[in-house]
Amino acid sequence: MSNRIFILGDRAVYAAFIIIVLALPLLVDDVFWLNRIAKYLVFGMLGLAIALSWGYAGILNLGQGLFFGLGAYMIAMSLKLQSYTSLQQGSDKPIPDFMLWNAEPGAPTDLCCITPGSWLWIPFQAQWFGMAMAVVVPVVFALIIGSTIFRLRVSGVYVAIITLALVLLARLLFIDLQPVTNGFNGLTDLGWLTIAGIEFDPFMVATYYIIAVSVCVVLLLSRWLISTRAGLILQSTRDDPNRSRYLGYDVASYQVFFFTVSAGIAGFAGMLFVIVSEFATPTYFDIAFSISMVVWAAVGGRSSLIGAALGAILINTIEASVSESEMFQQAWRLIIGIVFVLVVLYMPRGLAGLARDVLARVVALSQRTGGKDSQSSHTAAE
Amino acid sequence: MFEVLFIGLSLTSVLLLIALGLSITYGAMGVINMAHGELVMIGAYTAVLAGIHLGFNIFLSLPLAFVVAALVGLLIERVVIRRLYGRIIDTLLATWGVAIILQQLIRLEFGLTFFGISIEGLGPGLQNMRVPTFMMEPFDLMGLSIQPYRTFILCVTILLTALTWYLVYRTAIGVQVRAIMRNPQMAAACGIDVRRVSALTFAYGSGLAGVAGVLLAGFRTVMPDMGATVVVDGFLVVVVGGVGSLLGTILSSALLGQINGIVSVFSNDIIARAVVFGVVIAIILWRPRGLFSFKSR
Amino acid sequence: MKAALTIEGLEVDFGGFKAVDSMTTVIDDGELRVILGPNGAGKTTLMDLISGKTAATGGKVHLFGRDITNRPEHEIARAGVGRKFQIPSVFRDLSVLQNLEVAVSHEPRVFRNLRLGMSRADRKRIDEVIDLTGLGAVLDTLAGDLSHGQMQWLELGMLITQQSKVILLDEPTAGMTQGETSKTADIILRLKGTHTILVVEHDMAFVRKIAEKVTVMHLGKLLAEGPMQTIEADPAVRDAYLGSGGLH
């Protein structure tokens, strides 16, 4: 009985989320706000990806920014080549402006060899290639990293530290490969995404819908994934990997699969973020950013996909609302710090857990007779 | 070659100072303290503030920073960490929150900014600690150019390492710390006041961070987020060395410091750090428990 | 009779110490075998070797004629060996029903498990197990909230759901009350014949209730093997147990 209420409540939250996200352009007139919200929806996707690996697989990835950043750079390369800043020299062959600045005197003005490694950009002249790579590259990296880590049965804190070190490594490499990545400054002044001749200006309702629909689809797909038996087995490996092994499951392959899915989502999110924000910089590889994602997921609820997504959206929206004055912004960061400590100490299941407990209380009150409800809540049903 | 080794050696000593405190808190208590870097930062600010308002020089600032950082550490232990023993990932997350809080308190001058009050030496800007001029002028010793400040750091590091070793291996409280390291439940059953010893251990580790902060302030700009980068380096040292192994921490900071120093001579700082990260990842994969370790919590 | 599990000269060397040493025994299909031995005799290590938790340094383990020595744990499990641990090992944050659902899948691979719901055959098997273990009233309870006895039965139930041909039970009644022990004995007796069962147990009352053939280990080696009565009269066994006061 009470289980059904939880499932219904869960579905209601998903439905409400999707309806609000899709109907938002009707309510918000300001395209600048719509653009901001699109960014926060992308962050919501990142929170969801963290919940998938941390909440459901027990893999705390403190380097999720690696996959986000890779996805971002891949599409940014394509969009950079479409930008007017790449055609400034009156040539019909696009060359990113920073490559011209970085080129050795006398280097041929061609993508093949203007700077060392500039040939890597050649296939990105096709926008579809950049889009595809934004997901493929993070997925391939995650497969390699995941297979190595999980086959060696590295777990817990060590996964966190390795992923942390990896994202820092990536940050340094992207900064150091100045001739290919424009170093510290990253890729800026990007062109717009163009599909079937339509240019998607980041401040356009249609662009908002690209993000909104993507987020909803990813949310539903992830929910489906964790409701499958594979999702259940994954959760079993989180609780007791040895028991899963003795039931005949190759634990590593489940961990690698979901780690990779989570990375793919992060890469996809990176691509969407570049489409609405028009830049890609090494700050995506900052530790602070990767840990922020974990903070969002923790506040929203690490073992609830939609909770984690809402946590990310909520925190960022509030942050944007208080950011008018520098002082308030600093104070907000202080509040976030305090809230985060409190959540870890007293509310490890986050807002989603709180919502469940409240619902359980309501159900118990309305039933009066049965008192076993709060116990039997299904964490897995989300 | 000596020059290269000396660069590596001074990198090593800074790394070691930072890692020493972490090694104790992580090794003895199973706490990943992401706010360790902020304790370093607090040590640095203590020196800056004491210099401006009390006229302290670096020698007076060192013990003061130790005490201040230790007290802050004690507070963190009492309020946050005490509730999280045995939940290592949660300690990492909660102390990350603590780190943000500490940074913001410095930026907002403990909230005084809201009342329009400003204290010299605090706030979001950059600060500097004055180092006595005689420590900045290199002198010649047997044909080698010696930088007094770097040598001073080295000496303090050696001194503190020796002190730590003495405390851990030669005192009654050290025995208790090591007992808790191996088996906290059994230690408690043997009548050790685990809570008190843990709190003291954490305070001591925090104090070391404060000292490291003062020394760091001598050659780096002091700013609210200066701790964020050092904490990661410290952790990598501790993990590579092996949790709970003092010797491991010393050797791994030497290893990583030297790799960093040598590679940066032949290429650049960025590549050097990248190589260090690569080596660290490889070592964790090869020996997840670190180069020198015993089985613990 | 067909052999389910054949152990030939199995040994493991932990840096000079042989926890299991040239152990040889054959367990027939459908047999219930109890392994006895004083502490440190190598009983649990023997189970670790069979189930792949520890790699053997010598000897062979065959499961229905197939060599499973030193295969990865999940492959050995797939081949038909189920294992119950001394400390109950269940998925604490999943419900009882979900625990059984994890156990029921015959598909080890990720992609084959990307589907919703349970087939009718799976559901039927789970229902049988629920019936056998008497967990019907707590299906929606999180496994971590079960009583100690219920947790043990759930773990046992998962092994049955998994359709293991050979079940290894490491002290299944440890920490149980008298009533719980007797229920556990009932469950095990009902499995006799359809499953091959290997039990390590200290509780002699329980052993007498379930045992047919007994293997006694001492210092990693086979000491004696035979029906319960013969074993209890064996002087070598009495000697081995002298330190712990003999079989009682």
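General remarks:
- All aspartates and glutamates inside 19 Å of C:LYS221 as judged from Cα atoms, apart from same-chain residues fewer than 8 positions distant: C:GLU8, C:GLU11, C:ASP13, C:ASP21, C:ASP48, C:ASP170, C:GLU201, C:GLU232, C:ASP234, C:ASP239
- Put simply, the Cα atoms of the protein assembly as shown extend 92, 74, 64 Å along their principal axes, the longest span coming first.
- Net charge contributed by nearby residues that have their C-beta within less than 15 Å of B:LEU16 (K/R +1, D/E -1): 0
- For chain B, the Cα gyration tensor yields ellipsoid semi-axes of 29, 26, 18 Å (square root of five times each eigenvalue, largest first, whole Å).
- Taking all pairs of distinct alpha-carbon atoms in the range B:123-216, Kirkwood radius in angstrom: 16.4 Å
- Kirkwood Rh in Å, taken over all unlike Cα pairs in the range B:182-245: 14.2 Å
- Coarse-grained scattering of the range C:1-106 at q = 0.14, 0.16, 0.23 Å⁻¹, given as base-10 log I(q)/I(0) from a Debye sum over alpha-carbon atoms: -0.62, -0.79, -1.32
- Peptide packing: for A:334-343, C:171-180, C:155-164, the average count of neighbouring Cβ atoms within 10 Å per residue gives the ranking C:155-164, A:334-343, C:171-180, highest mean first.
- For chain A, projected area of the alpha-carbon convex hull averaged over all directions, nm²: 21.5 nm²
- Under the Karplus curve 6.51 cos²θ - 1.76 cosθ + 1.60, θ = phi - 60°, whole-Hz ³J(HN,Hα) for the range C:90-104, x wherever Gly or Pro sits: 10, 8, 5, 8, 10, 6, 4, 4, 5, 4, 5, 5, 4, 6, 7
- Coarse-grained scattering of the range C:3-244 at q = 0.09, 0.14, 0.15, 0.17 Å⁻¹, given as base-10 log I(q)/I(0) from a Debye sum over alpha-carbon atoms: -0.39, -0.93, -1.06, -1.31
- Over 14 Å [Cα-Cα, the range B:26-106], rounded percent: 62 percent
- Near C:MET217, the amide H atoms lying under 5 Å from its own belong to C:LEU36, C:GLY37, C:LEU223; only residues 5 or more places off or on other chains count, and H is placed 1.01 Å from N.
- Peptides C:229-237, A:45-53, B:200-208, C:92-100, ordered by how many other C-beta atoms sit within 10 Å of their residues on average, highest first, read A:45-53, B:200-208, C:92-100, C:229-237.
- Couplings for the range B:108-124, taken from phi via the Karplus curve 6.51 cos²θ - 1.76 cosθ + 1.60 with θ = phi - 60°, read 8, 6, 6, x, 5, 3, 5, 9, x, 8, 10, 10, 5, x, 10, x, x Hz in order; Gly and Pro are left as x.
- Estimated FRET transfer efficiency (C:PHE111, A:ILE20; beta-carbon r; R0 51 Å; 0.05): 0.90
- Note on A:165-177: average number of Cβ atoms from other chains within 10 Å of each residue's Cβ is 5.
- Net dipole in debye of chain B [+1 Lys, Arg Cβ; -1 Asp, Glu Cβ; about Cα centre; nearest 20]: 1140 debye
- Chain C: angle of helix C:148-161 to the longest principal axis, Cα-based, in degrees nearest 10: 80 degrees
- By the Kirkwood approach, averaging reciprocal distances over each pair of separate Cα atoms, the range C:156-239 gets a hydrodynamic radius of 13.9 Å.
- Calculated P(r) tail over 20 Å for the range A:270-346, as whole % of Cα pairs: 40 percent
- Largest to smallest principal axis extent of the C-alpha atoms in the range B:201-283, angstrom: 37, 31, 17
- Bridge type composition, the protein assembly as shown - antiparallel percent by DSSP, nearest 5: 60 percent
- Listed by chain and number, the lysines whose C-alpha is less than 19 Å from the C-alpha of C:LYS183, apart from same-chain residues fewer than 8 away, are C:LYS84, C:LYS192, C:LYS209.
- Directionally averaged shadow of the range C:25-67, computed from the convex hull of its alpha-carbon atoms, nm²: 3.6 nm²
- Using C-alpha pairs below 8 Å separated by at least 6 residues, the relative contact order for the range B:19-127 is 31 percent.
- For C:81-87, mean number of other protein chain Cβ atoms within 10 Å: 2
- Legend: mean number of C-beta atoms from other chains within 10 angstrom of residue C-beta atoms, peptide C:99-111, equals 6.
- One chain, two ends: C:ASN39 and C:SER182. Fully extended at 0.36 nm per residue, the span grows by 49.1 nm beyond their Cα-Cα distance.
- Charge context of C:ALA236, other residues only, Cβ under 14 angstrom, K/R +1, D/E -1: -2
- Derived scalar couplings ³J(HN,Hα) [the range C:189-200; Karplus, 6.51 cos²θ - 1.76 cosθ + 1.60; whole Hz; x for Gly, Pro]: 4, 5, 7, 4, x, 8, 10, 8, 10, 10, 10, 9
- Across the range A:1-160, the convex hull enclosing all Cα atoms gives 184 Å³ per residue.
Only the coordinates and a few stated rules stand behind these numbers; no lab work does. As the structure is a prediction and not an experimental result, all values here were calculated from the model. A quick note on method: Cβ atoms are made from the backbone with ideal geometry, for glycine too, and the neighbour counts reach across all protein chains shown.
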